[in-house]
Amino acid sequence: MIDTRLAPYGIFLLRVALGAMFIAHALLKYLVFTMPGFEGFLGKIGLPAALAWPIVLAELVGGAAIVAGFYGRWVSLAGALFVHAGNGWLFTATGGGWEYPAFLAAAAVTHVLAGDGAFALRPAALPVLSPVPSPQAA
């Protein structure tokens with residue numbers, strides 16, 4: 001059962017936390033690893049260094065859009081789980097594992113499915129290909 005009175009506020013908290021994580025990832029790459037360091041990381045995993053700035057800007061602008069609720073559901077459709085998949089489960093492993101990126105991906109999918117919640121500046125409706133039946137109480 002969904003508590004329709006409180007669910008929008010829970011989704012709002014999820015939205016803000018998810019957006020803040022995207023922003024934190026962008027700032028980590030820029031301020032701690034530095035752009036040359038991030039470019040080197042991309043090269044090590046077989047991606048072109050030219051993707052460094054687009055990735056950082058996408059995380060920064062996308063995170064802000066999610067926090068604000070400005071077409072946030074569309075932003076949450078993006079993800080980068082594959083980058084960490086070969087490093088094992090724990091994020092503290094060499095190269096960073098995949099449990100934290102998996103959680104972020106699950107939170108992003110939840111955001112897409114649940115909507116923008118309360119206080120969204122521009123809620124984004126997603127097209128539905130076929131009617132989705134509403135969940136029934138057991």
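The values are calculated or read from the model by the stated rules, or taken from the named source; none is laboratory data. No experiment lies behind these values; they were computed from the predicted model shown. FYI the Cβ positions are ideal-geometry reconstructions off the backbone, even for glycines, and counts take in every protein chain you see. What goes into the accessible areas is simple: the full protein's heavy atoms, side chains included, and nothing from ligands, DNA or RNA. Shrake-Rupley method; radii C 1.70, N 1.55, O 1.52, S 1.80 Å.
When region 39-55 is examined, which residues are found to be under 30 Å from Leu13 (Cα atoms), out of contact with any Leu (no Cβ under 9 Å at 6 or more places or on another chain) and in contact (Cβ under 8 Å) with a residue 12 or more places away in the chain?
Trp53
For region 70-81: of the residues being touching a helix residue (DSSP H, G or I) at 6+ places or on another chain (Cβ under 6 Å) and assigned to a helix (DSSP H, G or I), which is nearest to Leu28 (Cα to Cα)?
So, considering only residues that are touching a helix residue (DSSP H, G or I) at 6+ places or on another chain (Cβ under 6 Å) and assigned to a helix (DSSP H, G or I), the one nearest to Leu28 (Cα to Cα) is Leu81.
Pairs, please: C-beta under 9 Å, at least 6 apart or cross-chain, first residue touching a residue at least 40 places away in the same chain (Cβ under 8 Å) and over 16 Å from Leu6 (Cβ atoms) and in region 108-119, second part of a loop (DSSP other than H, G, I, E, B) and open to solvent by 20 Å² or more (accessible area, probe 1.4 Å)?
Here the result reads Ala108/Leu77; Ala108/Ala78; Ala108/Gly79; His111/Gly117, each pair linking region 108-119 to a residue that is part of a loop (DSSP other than H, G, I, E, B) and open to solvent by 20 Å² or more (accessible area, probe 1.4 Å).
Taking Leu81, is it open to solvent by 60 Å² or more (accessible area, probe 1.4 Å) and either farther than 20 Å from Ala125 by Cα or modelled with pLDDT under 85 (or both)?
yes
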